[in-house]
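The values are calculated or read from the model by the stated rules, or taken from the named source; none is laboratory data. In this text the structure is predicted, and so the values were computed from the model without any measurement. Virtual Cβ from ideal backbone geometry, glycine too; neighbours counted across all protein chains shown. Just the protein is used for accessible areas: all its heavy atoms, side chains included, with ligands, DNA and RNA removed. Shrake-Rupley method; radii C 1.70, N 1.55, O 1.52, S 1.80 Å.
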Amino acid sequence: MSRWLLALHSSTPVLGVAALDVDDPVDSRRLITQPAGRGLTNSLLGAVQDVLPAACWPSIARLGVAIGPGGFTGTRLTVVMARTLAQQLDCPLDGVSSFALMASRLAREAPLASPQEPFWIVQDLPRRGQVGGVYRLRPDDRVEELQVPHLLEEGAQPSPALTMAENVAEDVGRLLDLCLLAHRRQEPAPWHEVLPIYPTSPVGVV
């Protein structure tokens, strides 16, 4: 019987869903991205079923979800779905920030002087300031998140810094790979510890 891993990413207006069979991780790999935006409520379930039909959900062995920072509603919807599935299936749930997922990609695209040293990823928020997190690449290509993405003080100039850039297809694929690695290592990942990252209040600046 197949054992599936499922990864969800909706921290941007583009939804990413990916899945694979742990016993055939290359040929079974499935991945889609599609614009979602405000229509995510209506499209999420169908997109997940396009990648992994509901009949296969009882065979999910582990899940991964991007926890933000991102849009309040979009991030919350996939986190709630992932938490619900993990709870009902009694399986691990890996929550990874969207900045951590893109860290190695951004470091490759804009090479750092010393990628093993800590670096920032920053994002400008219209009328809300700047969000940033701190990362370090490990020799095994895994990423350490030294500071979770958070709202920076006004006038802050973090350095060295890379600008957040979206590539949901690559990032949800990386999330799936991290999920597979954690599955093989049998790493614990309680579903109830996975929560969305909201650097700013959805009802105004705090």
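Name the residues in the stretch 22-32 that are free of Cβ contacts under 8 Å to residues at least 40 places away in the same chain and either open to solvent by 40 Å² or more (accessible area, probe 1.4 Å) or over 20 Å from TRP57 (Cα atoms) (or both), would you?
ASP23, ASP24, VAL26, ASP27, ARG30, ILE32
Could you grab the pairs with beta carbons closer than 6 Å, sequence gap of 6+ or different chains, first residue in the stretch 114-134 and under 12 Å from GLU144 (Cβ atoms), second one surrounded by 14 or more Cβ atoms within 10 Å (Cβ to Cβ) and among the basic types (Lys, Arg)?
PRO118/ARG136
So, in the stretch 141-163, of the ones that are within 16 Å of ARG128 (Cα to Cα) and not polar (S, T, N, Q), which residue ends up most open to solvent (accessible area, probe 1.4 Å)?
GLU154
Only residues in the stretch 65-93 that are under 13 Å from SER11 (Cα atoms) and open to solvent by 10 Å² or more (accessible area, probe 1.4 Å) count as the first member; pair them with residues that are part of a helix (DSSP H, G or I) and of a type in the set (Lys, Arg), Cβ under 8 angstrom, at least 6 apart or cross-chain, and list the lot.
Close Cβ pairs satisfying both conditions: THR73/ARG38.
Checking the condition in contact with a helix residue (DSSP H, G or I) (Cβ under 9 Å, 6 or more places away or on another chain), open to solvent by 10 Å² or more (accessible area, probe 1.4 Å), part of a strand (DSSP E or B) and aliphatic (A, V, I, L, M), which residue from ALA61, ALA7, ALA19 passes?
Going through ALA61, ALA7, ALA19 in turn, the sole match is ALA61.
Checking the conditions here, which among PRO13, PRO35 is touching a helix residue (DSSP H, G or I) at 6+ places or on another chain (Cβ under 7 Å) and open to solvent by 70 Å² or more (accessible area, probe 1.4 Å)?
Answer to the check: PRO13.
If you scan the stretch 162-184, which residues turn out to be over 28 Å from PRO35 (Cα atoms) and in contact with a strand residue (DSSP E or B) (Cβ under 7 Å, 6 or more places away or on another chain)?
Scanning the stretch 162-184 gives ALA182, HIS183.
Collect the residues in the stretch 166-193 that are open to solvent by 40 Å² or more (accessible area, probe 1.4 Å), part of a loop (DSSP other than H, G, I, E, B) and in contact (Cβ under 8 Å) with a residue 12 or more places away in the chain, keeping them in residue-number order.
Scanning the stretch 166-193 gives GLU166, ASN167, GLU187, PRO188, PRO190.
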